[in-house]
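Below: one structure, written as structure tokens.
Derivation of every value follows stated rules applied to the coordinates shown; laboratory data play no part. Predicted model, so just to flag it, every value in this text is computed and none were measured. Here the Cβ positions follow ideal geometry from the backbone for every residue, glycine too, while neighbour counts run over all protein chains shown.
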Ligand SMILES: Nc1ncnc2c1ncn2[C@@H]1O[C@H](COP(=O)(O)OP(=O)(O)OP(=O)(O)O)[C@@H](O)[C@H]1O
Ligand SMILES: [Mg+2]
């Protein structure tokens, strides 16, 4: 029955079954050609996402972390089949899936739903909550056959996102709700499809700090009760530790580190992840002045800026900013190498090449901060 909780405990063997995965997922956006490009017969592209491989599992939250422009939203849009991919595979329940609009897209969306950053923009201001949720239930065939069944399904959805009593919310318009309540409605609308996967693109970053935790706790509750596979996109690596089972780090379109969240956030291996953690706001100094906060951006810490994605750096894309860069980092792309401190912890960094480990490591030095 609709929204019925599966009888299986999350600790069952199947709980970690792969639902949706990306293998070598790549997206290049064409850049509009200027006169120089036309004369040189050059077609330039933005390398937004290159060779991204990840697996979303039943009953687990996977965080995708990285700074602005690293390609996180593009990964989510590719996984939800809103964009065609340049190359690579999207595998749903073991089958490579390519969807181009129409009924196939609807069938895919029944399994894979997306939640966006801005709940106000994603809800239509002229329609009530009842309209939004009814539409989702009907499109996905979950609205029942009678008015009473539809009403039950609407109530179940609002109860599921803790907007209770449901009748208080059903006939309200989006502007009559708080930001947190609107995001709960957006989540309820996604649940109207009865999906297996939720792709949450910065779901709390536009919300007041005081209500972020409530929405994350709701998502965790859904993961546990409905055994959803959740992709949690964020630039806040501290929240990944709190909320996600697994954490993956992206830099300039490529994945650079992955492993269980505790390991990645407590023992980061890749120099970029270390930088992200060093520049994350420290809860103890969060009361500090705005000036202090500005002085701790990743750019300030590492020197330089994220690279151009039209002509990304050769070798490791982080090498121009990396305090531990070696000669080979400028020419050779590092593969995923096991870090060796925990099962499944890897970094795409030559520091973890057994040959490098055997040789003395270069002392990490900080490049000069560019103005
Ligand atoms: N439709 C598009 N056409 C051209 N370039 C695009 C398009 N969408 C994204 N890009 C580029 O791809 C890169 C990755 O963008 P994306 O939005 O995926 O990053 P992000 O990690 O989600 O960033 P943010 O944290 O700011 O949301 C950026 O350089 C962006 O300018
Ligand atoms: Mg984004």
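What list do you get for 83, 169 if you sort them by fewest beta carbons within 10 Å? Numbers along the way, then the final one.
On the way: 83 16, 169 22.
Going from least to most buried by this count: 83, 169.
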For this session: Could you check the simple spin-label distance between residue 131 and residue 149, using points 7 Å along Cα→Cβ, in nm with one decimal?
Result: 2.5
Exercise. In nm, to one decimal, how far is the residue 225 label point from the residue 262 one, both placed 7 Å along Cα→Cβ?
Worked result: 2.7
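Given the Cα-Cα distance of residue 106 and residue 43 and 0.36 nm per residue of separation, how much length would full extension add, in nm?
Values: separation 63, 0.36 × 63 = 22.68 nm, distance 3.37 nm.
Value of the extension gain: 19.3 nm.
Subtract the Cα-Cα distance of residue 208 and residue 168 from 0.36 nm times their separation in residues, and report this length gain in nm to one decimal. Could the numbers behind the result be given before it?
Details: separation 40, 0.36 × 40 = 14.40 nm, distance 2.24 nm.
That works out to 12.2 nm of additional length.
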Seminar exercise, completed: tail above 22 Å in the computed P(r) of the stretch 16-167, as % of all Cα-Cα pairs, reads 57
Exercise. Using r as the Cβ-Cβ distance of residue 333 and residue 31, and R0 as 25 Å, what FRET efficiency do you calculate, to the nearest 0.05?
Worked result: 0.65
For this session: Return 105, 116, 318 ranked ascending by Cβ neighbour count within 10 Å, so the fewest neighbours appear first.
Result: 105, 116, 318
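Taking 0.36 nm per intervening residue step and subtracting the Cα-Cα distance, what contour gain separates residue 93 from residue 138 on full extension? Kindly include the intermediate steps, with their values, before the conclusion.
Working: separation 45, 0.36 × 45 = 16.20 nm, distance 2.45 nm.
Extra length from residue 93 to residue 138 when fully extended: 13.7 nm.
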Exercise. Exposure proxy check: 150, 137 ranked by fewest other beta carbons within 10 Å?
Worked result: 150, 137
